[in-house]
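Report on one structure; see the data block that follows.
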Amino acid sequence: MYEHVNDQESPLHIPSNSVSSASDEVIKRVAQLRVEINRANTLYYIENAPEIDDAEWDARMQELLALEATYPELQTPDSPTQRIGSAPASGFKEVIHRLPMLSLGNVFDEAGLRDWYQRTLDFLEIDHAPMVCELKIDGLAIAITYKNGVLDRAATRGDGVRGEDVTANVRTIRSVPLKLNGDVPSELELRGEVFLPNSKFASLNLEREQAGLPAYVNPRNSASGSLRQLDSTETAKRPLDMYFYSLGYVENTIEPTSHREALSAIKEWGGRVNEWTRKAETVKEVMIAIANASAIRDTLDYGIDGVVIKINSLILQKRLGFVGRDPRWAVAFKFPAEQAETTLRTIHINVGRTGALTPWAKLEPVMVGGVTVGRATLHNKDEITRKDLREGDRVIVQRAGDVIPQIVGISSKNKRSSASVPYQFPHACPSCQAITIQTEDEAVTRCVNGACMAQFERLLEHYASRGAMDIEGLGERISQDLPRLGFVSNIADLYRLRDRRNDLIKIDKMGEIRVANLLQAIESSRSQSLPRLLFALGISGIGSESAEWIAHRFGSLTAVTKATREELLAIDGIGPIVASTLVEYCALEQNQKLITDLIELGINPLDQTPKPADDHPANGMLFVITGRLEMMSRAEAQDQIKERGGKVTSSVTKKTDYLVTGAEPGSKLDKAKRIGIHILDEDQFSELINKGIVPANPKT
Ligand code: IVH
């Protein structure tokens, strides 16, 4: 925002050959300017009541910059000039949080909230605990460490344990004090949420568009993008803002005993705390606070996605601790999915890799839950009929979290023009014009033409995707160009492209470098594992997990093609539909040819998963996990089981050997009890996995 002032232009210029040594007068002036600028900043950014105008502020800042340039010994890290940003850093340093930065469990209604509160009381064996409600600001969490009151380091949450050092960037946020006031603990960490005000979001996007940069989808992403700029002068241009909501690590001092006291202390030190907080003694009072927050939501200049409810006593908070990544002492009450009204412009059909015809709607762009939505999925033909959706209708669009936006229904039939007609779902594939079918047991309409170009384009895209063969550069566009321009008509052709380098370069927007990278990525994909290759082939129903089971059982591509239905069914987790689909896939001549071609081209990975010790009692056993584990994550538990030769599936059936139960197990536990499955609590599970001890089955 401010460029360094050239010494020559500065009225305070002192010849650079003179050894600068600031006079008392200069030292005094620098101090005075800092006080004035800091005061102006506080009035402007924190109290919203400016006393001096921009030009006066500017003049003081320029003067201070000039003085600091002339007398570098007077520069301090907490000077207001330090908010202007510094030259690009090479990347972000890693920061290990002294106390982990947790996330929050969610509840969506009063019943969920009551459960949380009751669990909390039960844990403490008390019958009442005062709470505090706060707005849940939709930005990103930052931890700022102050040493002797001076901003020392700012870090992102990262994975909760390790974050990124974004100190230079956070310094540019005007509402973040560079220096705290009063009696401050020698080391103090403050935590809070950085966000971009809604009112600044539109103008930021406009600027980006004018500069030819992609627009940000919502204020939250733009805040995160802005804070993670390597060049903090870029961050300085973004009008980021921050609210503090808690203390982190605090060095040797008498800590406040309640959350509300902590917030007051932060405020006294000069930190900005959101004004909206509510005390609550009961769940009913919390519900009233939530209704109030929801009512003022649209009037706020920042996005909120719920209310955070915290147990007020810090002593109780300490006793409560956390489960997994969530504290027991706080919970987020999430607002329901946001809805908005807009016009359904046109209905389109997308042909998927397995031939499924999925309709989607192009919408008049509209903001829903802080995001601009221009498309919505329509799921399938029946959904359109059921809701009687027509082009030109006014519709209600809804989005929940990261879910693809959906059309809830039409807002009013009266608004329809007399020319409106019901939508006719196409009888033919919009890509290859082949006739489509809809089987009775499926809601999906399919194109069953094995040579359909659209299907093949989607297959290529899937084959190249991250979880499959991971071929960078083979995205949506190239997956269309290659077949359309006749370069590939099956997967094996990808590995023949290296002989056509010169022709590839001629493809629009390709060029030598892109072609070289693409060919390199294709070559590297030769060494992908058998499970990935099996998944990449895009056989209907074979996901990355079932591909793994099949690969482990058969060990090679050739062996898989010879698998019988019975052999496949014997694999735990593989059901009759997948078994039949795979056998049918392998029986088709074109697929047999594809596999022989791949093997001939050298794409023939063998499964090299180390064989687990046969004598471990978990070997060959089928596990289901339910509820929240406390000692490890679910992914870790799954890995541990797999390493010992066991398998994990998601639903309890008669085939299940063990149900592992964590906190709040849910309906799987009831079912397991009903059909007599061996149930393990987390300790028993750990004994089984780590020591090979099989706990006695309480049922037998
Ligand atoms: S307290 C133990 N208070 O929500 C977790 N978090 O979903 C401490 N957030 O990562 C969080 N407003 O970034 C707290 N008033 C508030 C908040 C808030 C927004 C964010 C925070 C956290 C996320 C958890």
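Expressed in nm to one decimal, what extension gain is obtained for the pair Ala202 and Asp597 from 0.36 nm per residue of sequence separation less their Cα-Cα distance? Display every interim value, and only then the final one.
Details: separation 395, 0.36 × 395 = 142.20 nm, distance 5.27 nm.
Here the segment from Ala202 to Asp597 would lengthen by 136.9 nm.
Computed from the Cα positions only, the extents of the range 73-156 along the three principal axes stand at 59, 26, 23 Å, in decreasing order.
Residues whose amide H lies under 5 Å from that of Gly105, counting only those 5 or more places away or on a different chain, are Ala332; hydrogens are built 1.01 Å from N in the peptide plane.
If you average over every viewing direction, what projected area does the convex hull of the Cα atoms of the chain give, in nm²? Averaging across all directions leaves 41.0 nm² for the Cα convex hull. Sorted from longest to shortest, the spans of the Cα atoms of the range 499-600 along the three principal axes equal 50, 26, 22 Å. Counted over all Cα-Cα pairs of the range 618-677, pairs farther apart than 17 Å make up 34 percent. For the range 77-163, the list of GluC sites (Glu not before Pro) that fall in a loop by DSSP and count at most 16 other C-beta atoms within 10 angstrom reads Glu125.
Stretched out straight at 0.36 nm per residue, the stretch from Lys673 to Ile27 would grow longer than its current Cα-Cα span by 224.8 nm.
Dividing the summed -39500 (n - 2.57) terms of all DSSP H runs of n ≥ 4 by the residue count of the chain sets its mean residue ellipticity at 222 nm at -10000 deg cm²/dmol. Backbone amide hydrogens, once placed in the peptide plane, bring Tyr302 within less than 5 Å of Asn198, excluding anything fewer than 5 places away on its chain. Taking label points 7 Å from Cα along the Cα-to-Cβ direction, Gln433 and Ile505 give a separation of 3.8 nm.
The H on the amide N of Arg153, modeled in the peptide plane, is under 5 Å from the matching H of Thr145, each at least 5 residues off or on a different chain. A cysteine counts as unpartnered when no other cysteine's C-beta lies under 4.7 Å of its own; in the chain this applies to Cys133, Cys586.
Model label points for Ser540 and Glu51, set 7 angstrom from Cα along the Cα-to-Cβ axis, are 7.4 nm apart. Note that the range 476-486 has calculated 3J(HN,Hα) couplings of 4, 5, 5, 5, 8, 4, 4, x, 5, 8, x Hz, one per residue in order, obtained from phi through the Karplus relation 6.51 cos²θ - 1.76 cosθ + 1.60 (θ = phi - 60°); glycine and proline are x. Protection proxy ranking for 517-530, 323-336, using the average of other Cβ atoms within 10 Å per residue and placing the highest first: 323-336, 517-530. Taking each residue as 0.36 nm, the span from Ala635 to Met453 lengthens on full extension beyond its C-alpha to C-alpha distance by 61.8 nm. Across every pair of non-identical alpha carbons in the range 404-475, the mean reciprocal distance, once inverted, gives a Kirkwood radius of 15.9 Å.
Residue pairs exceeding 29 angstrom between C-alpha atoms, taken from Lys93/Lys279; Lys237/Lys318; Lys562/Lys691; Lys200/Lys381; Lys318/Lys647; Lys147/Lys237: Lys93/Lys279; Lys237/Lys318; Lys562/Lys691; Lys200/Lys381; Lys318/Lys647. Mark the label point 7 Å from the Cα of Ile126 along Cα→Cβ and return the residues of the range 309-326 whose backbone N is within less than 11 Å of it. Those under the cut-off are 311-320. Taken along the Cα-to-beta-carbon direction at a fixed 7 Å, the label points for Arg386 and Glu187 span 5.8 nm.
The Cα atoms of the range 502-558 cover 44, 21, 17 Å along the three principal axes, with the biggest extent listed first.
Laboratory data are not the source of any read-out in this text; all were calculated from the coordinates shown. Quick caveat, the model's predicted, so the values are computed rather than measured. With ideal geometry, Cβ positions are generated from the backbone for all residues, glycine too; neighbour counts draw on all protein chains shown.
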